[in-house]
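Below: the structure, in structure tokens.
The values are calculated or read from the model by the stated rules, or taken from the named source; none is laboratory data. Bear in mind that the values here come from a model prediction, so they are computed numbers and not experimental data. No Cβ is skipped: glycine too gets one built from the backbone with ideal geometry, and neighbour counts run over all protein chains shown.
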């Protein structure tokens, strides 16, 4: 059984940038870099949560396993 999160909504960096607006937390360049991140979680070894940008997977970052209301970046 996987320890990874369930049911992300996958979104491109450009789509997320439009949602967050120009006053959002990330620039489009930063979002594109996050989308290419292929590191593994420094805590449990699962793929990192790309939109989290902290070097950990979604469950280790948030303490939750249901990601159905959260985004994950895709190239």
Every residue from segment 46-64 that is surrounded by 15 or more Cβ atoms within 10 Å (Cβ to Cβ) and not in a helix (DSSP H, G or I): 46, 47, 48, 49, 50, 51, 52, 53, 55, 56, 57
Segment 4-19 - residue that is surrounded by 13 or more Cβ atoms within 10 Å (Cβ to Cβ) and farther than 17 Å from residue 75 by Cα and, of those, modelled with the lowest pLDDT: 4
Residue in segment 38-45 that is touching a residue at least 24 places away in the same chain (Cβ under 8 Å) and surrounded by 15 or more Cβ atoms within 10 Å (Cβ to Cβ) present: no
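Tally the residues that are in a loop (DSSP other than H, G, I, E, B) and either surrounded by 12 or more Cβ atoms within 10 Å (Cβ to Cβ) or in contact (Cβ under 8 Å) with a residue 60 or more places away in the chain (or both), restricting the search to segment 20-37.
Let us first name the residues in segment 20-37 that are in a loop (DSSP other than H, G, I, E, B), namely 21-27, 36-37.
So of that shortlist, the ones also either surrounded by 12 or more Cβ atoms within 10 Å (Cβ to Cβ) or in contact (Cβ under 8 Å) with a residue 60 or more places away in the chain (or both) come out as 24, 26-27, 37.
Qualifying residue count, segment 20-37: 4.
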Residue match in segment 40-54 (condition: touching a helix residue (DSSP H, G or I) at 6+ places or on another chain (Cβ under 9 Å), modelled with pLDDT under 90 and on the phi > 0 side of the Ramachandran plot): yes
